[in-house]
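Working notes, beginning with the structure itself.
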Amino acid sequence: MTKKVIIIGSGIAGIAAAIRLAVKGYSVEVFEANDYPGGKLSEIQLGEYRFDAGPSLFTLPEQVDELFRLAGKDPKDYFEYDKLEVNCHYFWEDGTRLKAYSDLNEFAEEVQTKLGEPSKNIRKSLRQSAFIYDRLAPLFMNRSLHRLNTWTSAQAMRSYLKMGKLGIFSTMNEANEKQFENPKLVQLFNRYATYNGSNPYQTPATLNIIPHLEFNIGAYFPKKGMHDITLSLFKLSQDLGVSYHFKQKVEKILVDKSKAVGVQIAGENHYADLVINNMDMVNAYKTILKDQKQPTLLLNQPKSSSALIFYWGIKKNFPELDLHNIFFSSNYKQEVDHIFQKGTIHYDPTVYVNITSTHKQDDAPKGSMNWFTMINVPNNQGQDWDKLIAEARKNIIHKLNNILQTDVESLIEVEEILDPRTIESKTSSAQGALYGNSSNNKFAAFLRHSNYSSSINNLYFCGGSVHPGGGIPLCLLSAKIMSEMAVS
Ligand SMILES: Cc1cc2nc3c(=O)[nH]c(=O)nc-3n(C[C@H](O)[C@H](O)[C@H](O)COP(=O)(O)OP(=O)(O)OC[C@H]3O[C@@H](n4cnc5c(N)ncnc54)[C@H](O)[C@@H]3O)c2cc1C
């Protein structure tokens, strides 16, 4: 008889889990609280402007391709993407501008010319980044940290031998200060901590693994925008027979004799052989698992940072801007302290502007641009967000005006705002954190929930809050690790 699985949530990890289990012959039903798939990986339309609502940087595209191949399909029939030639444009208030070319030789030359940094430092740093990836990705990205055989594997032995070189004993900032002469480059490489919502002055230098993804492997852009990752995988899952139920908020996971047997929605029971939870782990325990034993230590870990985004339709073209643009703060330490220590927003934040209309022209009217303007902010601890947002908006515009020599306010045609409160209400992410728990100490990766429940049989977890990393590829990997466990 065909076994049935229920998945709670159609975030990217929920969809990936649905594909993997459908391929294994399960009958899969997904219950989603929203009326659209994708969770954080969604889009918004404001008049003639389209915006990717959440993630904007796409790395490790083979994690997406793998799902199509697994289903016996050609990825290109569903989903296409291009490698970026310039990963990011960096701007500082003193007039310095830097292009992060994806070609290492070009980037090293740009850094030497613009910042006077010896190119050998860049090369050494990216070699170190590749080394950490080579030693740790097989453990931390591709396997469950909660299984003994992960730690007794040959890959683990290789890593133990090089423990001292994996950045465990210094912070990211300490390693970068040692590596680079120019403080601007330290700032540039410190910013990678924000890719999983962490603090570069606290997080271990192990997280210097992240630049490897962008520089050595590559940054990509889906031809139809980031939201197409969701749409194409959603379509694949439907082609495989997965059924979706939207506006169906799960109220409870049904547990009988320490075994998950289904879910309850609007008082009605739905039964299955396996239950997979893609909802943020912390809020899941607070709501749909509230009657079950709580993993208190894991639930109480500090959360990653959140984001404040202004989606602006801008009625002007700026040729100096590209897909990814960073306008750095003048004092990064102060900015980061405000986010992680003070729980507030510095008056001079680092501003990220993502403009998909530079690569997908129909995302904005001719002669205009769609600016996804984002700053990193603390997660929601009950701050006066309306006040903080109004101040931040003023400060962001002031900064962009100075650097771009323009008047941003007069160019904004349409506007929508996403903040930690709305991130939480739209996706049930605890405190609006983007990546679940933060990675601000060397034990953080081990203090994340596993992909399975240790007290409830047949209950599994996937998604950003149950993987030591964060971001799309790691959510997809969490679904892979989880489904291999669930069907083993
Ligand atoms: C502003 C922003 C910028 C980001 N930038 C990047 C980036 O550049 N690159 C990158 O790789 N990653 C980025 N990320 C992170 C990335 O978006 C996430 O890691 C990923 O999308 C999380 O996917 P998920 O499947 O774990 O969960 P989610 O997308 O959070 O999905 C969970 C789903 O579960 C549903 N749900 C919750 N509770 C219930 C319930 N009770 N019943 C039914 N359904 C429920 C929710 O509605 C939601 O659809 C960003 C995130 C944000 C918000």
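Taking every eigenvalue of the Cα gyration tensor of the range 83-195, multiplying by 5 and rooting it, what semi-axes result, largest first, whole Å?
Values: eigenvalues 200, 43, 33 Å².
Working from the Cα gyration tensor, I get semi-axes of 32, 15, 13 Å.
From the phi of every residue in the range 274-279, what ³J(HN,Hα) in whole Hz does the Karplus formula 6.51 cos²θ - 1.76 cosθ + 1.60 yield, where θ is phi - 60° and glycine or proline is x?
In residue order, the calculated couplings are 10, 10, 10, 9, 9, 6 Hz.
Output ³J(HN,Hα) for the range 88-101: one whole-Hz value per residue in order, computed from phi by the Karplus curve 6.51 cos²θ - 1.76 cosθ + 1.60 with θ = phi - 60°, and x for Gly and Pro.
Listing the rounded values in order: 7, 9, 10, 10, 10, 5, 7, x, 5, 10, 9, 9, 8, 5 Hz.
So in the chain, what percent of DSSP beta bridges are antiparallel if you round to the nearest 5? Don't skip to the end; give the middle numbers.
Details: 47 of 67 bridges.
For the chain, the DSSP antiparallel bridge percentage is about 70.
With a ≥ b ≥ c taken as the square roots of the eigenvalues of the C-alpha gyration tensor of the chain, please select rounded if a/c is under 1.5 and otherwise prolate if a/b is larger than b/c or oblate if it is not? Please report the intermediate quantities before stating the final value.
Working: a/c = 1.61, a/b = 1.35, b/c = 1.20.
Prolate shape, in that a/c is at least 1.5 and a/b is the bigger ratio.
Give the lysines whose C-alpha is closer than 27 Å to that of Lys316, dropping any in the same chain fewer than 8 places away, or say none.
Partners within reach: Lys83, Lys99, Lys223, Lys224, Lys360, Lys366, Lys394, Lys399.
From the alpha carbon gyration tensor of the range 435-488, can you work out the equivalent ellipsoid semi-axes (sqrt of 5 times each eigenvalue) and give them in Å, largest to smallest?
On the way: eigenvalues 78, 36, 12 Å².
Here the semi-axes work out to 20, 13, 8 Å.
Would you give the gap between the C-alpha center of the range 216-274 and the C-alpha center of the range 387-433, rounded to a whole Å?
Rounded to whole Å, the Cα centres lie 30 Å apart.
Based solely on its DSSP helices, what 222 nm [θ] is calculated for the chain when runs of n ≥ 4 H residues each add -39,500 (n - 2.57) and the sum is averaged over all residues, nearest 500 deg cm²/dmol? Walk me through the numbers on the way to the answer.
Details: 16 runs with 158 residues, N = 488.
After summing the helix terms and dividing by the residues of the chain, the value is -9500 deg cm²/dmol.
Using a/c under 1.5 as the rounded threshold, could you call the range 166-308 rounded, prolate or oblate? The axes a ≥ b ≥ c are square roots of the C-alpha gyration tensor eigenvalues, and prolate needs a/b larger than b/c, oblate otherwise.
Working: a/c = 3.26, a/b = 1.71, b/c = 1.91.
Here the range 166-308 falls in the oblate category.
Among Thr113, Ile6, Asn317, flag the residue with its Cα farthest along the positive direction of the charge dipole of the chain, charges on Cβ as +1 for Lys/Arg and -1 for Asp/Glu.
Toward the positive end, the furthest listed residue is Ile6.
May I have the pair-distance distribution P(r) for the range 331-488, computed from all Cα-Cα distances with 5 Å bins from 0 and rounded to whole percent?
Computed distribution, short to long bins: 1, 8, 12, 16, 16, 14, 12, 9, 6, 3, 1, 0, 0.
Relative to the compact-globule scaling 2.2 N^0.38 Å, provide the ratio for the alpha-carbon radius of gyration of the range 13-112.
1.50
I'd like the accessible area for Asp384, computed on protein heavy atoms only with a 1.4 Å probe and all protein chains in place. Round to 10 Å², please.
90 Å²
Using DSSP to define loop residues, name the trypsin sites (Lys or Arg not before Pro) in the range 225-256 whose beta-carbon has at most 12 other beta-carbon atoms within 10 Å. Walk me through the numbers before you get to the answer.
Values: sites: Lys235, Lys247, Lys249, Lys252; in loops: Lys247, Lys249.
Filter output for the range 225-256: Lys247.
Could you let me know the centre-to-centre spacing of the range 325-377 and the range 120-168, using Cα atoms, in angstrom?
Centre-to-centre distance over Cα atoms comes out at 31 Å.
Measure nothing but the geometry: give the 0 to 90° angle between the long axis through the Cα atoms of 227-239 and the longest principal axis through the Cα atoms of the chain, rounded to 10°.
20 degrees
Just going by the charge dipole of the range 126-234, with Lys and Arg at +1 and Asp and Glu at -1 on Cβ, which of Phe234, Phe169, Asn216 is farthest out on the positive end?
Of Phe234, Phe169, Asn216, it is Phe234.
Can you give me the accessible area per residue for the chain, using a 1.4 Å probe, in Å²? If you can, show how the numbers build up before the last one.
Working: 19860 Å² over 488 residues.
Per residue, the chain has an accessible area of 41 Å².
At a temperature of 4 °C and a viscosity of 1.567 mPa s, determine how fast the range 388-453 diffuses translationally according to Stokes-Einstein, using the Kirkwood radius over alpha-carbon pairs as Rh; express D in µm²/s, rounded to the nearest whole number. Intermediate results must be reported in sequence, preceding the final value.
Working: Rh = 15.3 Å.
Result for D is 85 µm²/s.
List the residues whose amide H sits under 5 Å from the amide H of Leu46, counting only those 5 or more places along or on another chain, with H placed 1.01 Å from N in the peptide plane.
Close amide H contacts, sequence-distant or interchain: Phe51.
If the viscosity is 1.306 mPa s and the temperature 10 °C, what translational diffusion coefficient in µm²/s does Stokes-Einstein give for the range 217-374 when Rh comes from Kirkwood over Cα pairs?
Numbers: Rh = 20.2 Å.
Estimated via Stokes-Einstein, D reaches 79 µm²/s.
Counting only residues 5 or more places away or on other chains, whose amide H sits under 5 Å from the amide H of Gly436 once H atoms are built in the peptide plane?
Ser304
Each residue of the range 457-464 in order: what ³J(HN,Hα) in whole Hz does its phi give by Karplus 6.51 cos²θ - 1.76 cosθ + 1.60, θ = phi - 60°, with x for Gly and Pro?
5, 6, 10, 10, 10, 9, x, x
So if I take the centroid of the Cα atoms in the range 3-30 and the same for the range 63-111, what is the distance between those two points in Å?
30 Å
Express the carbon and sulfur contribution to the solvent-accessible surface of the chain as a percent, rounded to the nearest whole number, probe 1.4 angstrom. Spell out each step's value before the answer.
Numbers: 9710 of 19860 Å².
Solvent-exposed carbon and sulfur of the chain make up 49 percent of the total.
The values are calculated or read from the model by the stated rules, or taken from the named source; none is laboratory data. Just so it is clear, the structure is predicted and the values come from calculations on it, not from any experiment. Note: ideal-geometry Cβ built from the backbone for every residue, glycine included; neighbour counts use all protein chains shown. With ligands, DNA and RNA removed, areas are computed over all heavy atoms of the protein, side chains included. Shrake-Rupley method; radii C 1.70, N 1.55, O 1.52, S 1.80 Å.
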